[in-house]
1. For the ranges 33-39, 208-214, what's the packing order if you count other beta-carbon atoms within 10 Å of each residue, average per peptide, and put the highest first?
2. Calculate, for E99 and R56, the FRET efficiency according to 1/(1 + (r/R0)^6) with r their C-beta to C-beta distance and R0 22 Å; round to the nearest 0.05.
3. Sorted by packing (mean other beta-carbon atoms within 10 Å per residue), highest first, where do 199-206, 221-228 land?
4. Determine the dipole magnitude for the chain: charges of +1 sit on the beta-carbon of Lys and Arg, -1 on that of Asp and Glu, nothing else is charged, the reference point is the Cα centre, and the result goes in debye to the nearest 20.
5. For a quick check, take a GNM of the chain with Cα springs below 10 Å and name the residue from R151, R21, R255 with the largest mean-square fluctuation.
6. For M1 paired with S210, estimate the spin-label separation in nm (one decimal), with each label point 7 Å from Cα along the Cα-to-Cβ line.
7. Take the chain, connect every pair of alpha-carbon atoms lying under 10 Å apart with a spring to form a Gaussian network, then pick out the residue of T72, T176, T113 with the largest mean-square fluctuation.
8. In debye, nearest 20: dipole of the range 121-257 around its Cα centre with unit charges on the Cβ of K, R (+) and D, E (-)?
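Just so it is clear, none of the values below were taken in a lab; they were calculated from the coordinates. Only a predicted model underlies this, so the values are computations on that prediction, with no experimental measurement involved. In this analysis, Cβ positions are derived from the backbone assuming ideal geometry, glycine residues included, and neighbour counts consider all displayed protein chains.
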Amino acid sequence: MAILGLVRKRSAPRAHEVAVRVVEWARDAKVAVLAEPDCAADLGVASATKLEMFARADAIAVLGGDGTFLATARLAGAREVPVLGVNLGGLGFLTEIMESEIEASLAAVLGGTALVERRGMLRATVRRVDGLEESFQAFNDAVLSRGSLGRTVDIEVRIEGSLLGRFSADGLIVSTPTGSTAYNLSAGGPAIHPSVRVHILAAICPHTLSVRPVVVDDSARLEFRLGPPREELLLTLDGQETVRLGPDDAVLVTRCEYQVLMVRSPRHDFYDLLRTKLGWGRS
């Protein structure tokens with residue numbers, strides 16, 4: 001029997017309604033459903049964490065906005081599981097599937113006929129001054145910034161060991177092509193087609209007008225260190241997970257060895273999304 005993982009946005013009543021609909025479809029289709037512990041009992045299905053879904057499910061349906069999708073996709077690992085994002089009315093760059101497409105999309109992904117794209121992730125490794133290392137994954141971006149509002153930060157940037165420069169700014173964003181339409185775009189970075197294998201480095205409100213975003217091959221190794229005065233720095237993954245850095249810690253960003261299998265809607269492509277979600281070309 002096929003197994004479907006189900007993740008819903010907890011604060012959205014509409015997500016629960018759609019989840020009930022998905023469970024009813026699954027029962028008719030003889031598909032087992034796993035849901036997160038906080039909603040499994042309400043839906044009458046088995047309980048599982050997101051990580052357990054990646055280990056056991058044949059596909060994962062995410063009901064909510066892009067934030068809910070990010071919190072799920074970022075956990076992708078060696079076992080490749082398609083992730084299907086259902087849009088419940090928000091901006092939805094990642095949650096492409098409309099409510100009217102749910103049943104057909106679920107049948108397609110479990111039947112192996114869905115349109116699925118491989119999307120790259122970042123691996124951010126924090127190297128502590130004592131030699132200990134912590135590793136994190138990000139689907140959209142990794143952001144270095146100061147915790148205090150209104151405080152700039154000086155960050156030294158090296159690419160493949162070569163010094164790019166020391167930048168004074170409110171922070172720095174390293175983005176995947178998928179995340180190029182998120183924080184990166186707001187900071188003046190370019191929109192990159194998801195199939196292009198690059199990473200984008202963009203400064204947030206740099207204090208030098210000559211500083212511009214830099215696009216590098218995603219095989220490149222990026223290294224960041226805090227410049228003087230050496231105070232604390234924050235590393236934020238996908239706007240959801242934050243790591244506090246010491247004054248002498250380093251952050252290494254590379255291409256993650258895992259990818260996200262993202263289920264796409266056959267009704268839209270990247271350029272449709274740019275036009276419709278960002279309102280490009282409207283008179």
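1. Ranking, from highest mean packing down: 33-39, 208-214.
2. Calculated transfer efficiency: 0.25.
3. Those peptides, ordered most packed to least, come out 199-206, 221-228.
4. I would put it at about 360 debye.
5. Of R151, R21, R255, the most mobile in the Gaussian network model is R151.
6. 6.6 nm
7. Of the options given, T113 has the highest mean-square fluctuation.
8. So the magnitude is around 280 debye.
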